[in-house]
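Let me begin by presenting the structure, written as structure tokens, before commenting on it.
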Amino acid sequence: MIDSIIDKVNNLLRSPTTKGVVGFFDDDHECVVAATKMREAGYKHFDAITPFPVHGMEEAVGVKRSPIPYVTFVMGLTGCSAGLFLQYWTSAVDWPVLVGGMPMFSLPAFIPVTFETTILFGALSSVAAMFAFNKLPKVDPPVLDPLLTCSRFALWVPSTEPGYNEDKVKAFMEELGAKDIKSGEF
């Protein structure tokens, strides 16, 4: 019983592998140019793996804008409303205490807590959305090449690409100037 539960959790956390072709480049500029040419050739489901952020790579690969800022904005507004409503409800409706003729709803006094709930809801929802959209946590991801984390750049074409043909992809990678080309399950 416990072993089956552990196996289910492990399967949820393990990164699934996919067959495909990976081409390695030694220069970030070469990789961006190659990614642009791949996009122009009709490849849509490929990915670029770089050791650091490369200017222009998002456009070259065709990465769409992240929905995380929208989640953060909506949840920040929710936190702002919830903080303001909580203070209004507790001070003016649930337990009204008249002190020195001050109004029951005093907006300047409510600003700090309203600000803090806005930040709290926005920040926590950003982190949760990042984990959800990136399908994290994933442990033990496949390693294409140990040098990808320090000095190499790669373009990865999975077998799920429409019209995928391993020989054609390898030939195209060679044409793009890839220094090393590997195929396998990553």
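From the set of residues in the stretch 3-19 that are in contact (Cβ under 8 Å) with a residue 12 or more places away in the chain and not basic (Lys, Arg), which is nearest to ASP47 (Cα to Cα)? Per the stated criteria, the residue is THR18.
For the structure I just gave you, tell me whether THR17 is of a type outside the set (Gly, Ala, Ser) and over 25 Å from LEU148 (Cβ atoms).
Values: of a type outside the set (Gly, Ala, Ser): yes; over 25 Å from LEU148 (Cβ atoms): no.
Here the answer is no, as THR17 does not meet what is asked.
Being surrounded by 13 or more Cβ atoms within 10 Å (Cβ to Cβ), modelled with pLDDT under 95 and among the basic types (Lys, Arg) is the requirement here; does LYS138 meet it? Against the criterion (surrounded by 13 or more Cβ atoms within 10 Å (Cβ to Cβ), modelled with pLDDT under 95 and among the basic types (Lys, Arg)), LYS138 does not qualify.
Of all residues in the stretch 172-186 being assigned to a strand (DSSP E or B) and at pLDDT 90 or above, which is nearest to ARG14 (Cα to Cα)? For the stretch 172-186, the residue satisfying everything is SER183.
When VAL97 is tested against (1) part of a helix (DSSP H, G or I); (2) of a type in the set (A, V, I, L, M); (3) farther than 22 Å from ARG152 by Cα, exactly one condition is not met: (1). In the stretch 158-171 there is no residue that is in a loop (DSSP other than H, G, I, E, B) and of a type in the set (Lys, Arg). In the set (1) closer than 17 Å to HIS45 by Cα; (2) in contact with a helix residue (DSSP H, G or I) (Cβ under 9 Å, 6 or more places away or on another chain); (3) in a helix (DSSP H, G or I), THR118 fails one condition alone, (1).
Residues in the stretch 62-80 that are touching a residue at least 24 places away in the same chain (Cβ under 8 Å) and not aliphatic (A, V, I, L, M) were compared, and the one that is surrounded by the most Cβ atoms within 10 Å (Cβ to Cβ) is GLY79.
Inspect all residues belonging to the stretch 57-75 and state whether any of them is under 14 Å from VAL113 (Cβ atoms) and part of a helix (DSSP H, G or I).
Step one: filter the stretch 57-75 for residues under 14 Å from VAL113 (Cβ atoms), giving none.
For the stretch 57-75, residues under 14 Å from VAL113 (Cβ atoms) and part of a helix (DSSP H, G or I): absent.
Look at the stretch 165-186: where a residue is closer than 17 Å to PHE25 by Cβ and a partner is hydroxyl-bearing (Ser, Thr, Tyr) and assigned to a strand (DSSP E or B), sitting 6+ places away or on another chain with Cβ atoms under 9 Å, you get VAL169/SER183; LYS170/SER183.
Quick check: is even one residue across the stretch 159-168 farther than 24 Å from ARG14 by Cβ and touching a Ser or Thr at 6+ places or on another chain (Cβ under 9 Å)?
Of the residues in the stretch 159-168, the ones farther than 24 Å from ARG14 by Cβ are 162-163, 165-168.
Checking the rest, the ones that are also touching a Ser or Thr at 6+ places or on another chain (Cβ under 9 Å) come to 166.
Scanning the stretch 159-168 turns up at least one residue that is farther than 24 Å from ARG14 by Cβ and touching a Ser or Thr at 6+ places or on another chain (Cβ under 9 Å).
Among the conditions (1) over 30 Å from ASP180 (Cα atoms); (2) of a type in the set (Phe, Trp, Tyr); (3) part of a strand (DSSP E or B), PHE24 misses just one, which is (1).
The residues of the stretch 121-157 that are in contact with a strand residue (DSSP E or B) (Cβ under 7 Å, 6 or more places away or on another chain), farther than 24 Å from MET38 by Cα and not in a loop (DSSP other than H, G, I, E, B) amount to a single one, VAL139.
The values are calculated or read from the model by the stated rules, or taken from the named source; none is laboratory data. Everything quoted here is computed from the prediction, not taken from an experiment. Because the Cβ atoms are built from the backbone with ideal geometry, glycine has one as well, and the counts that use them run over all protein chains shown.
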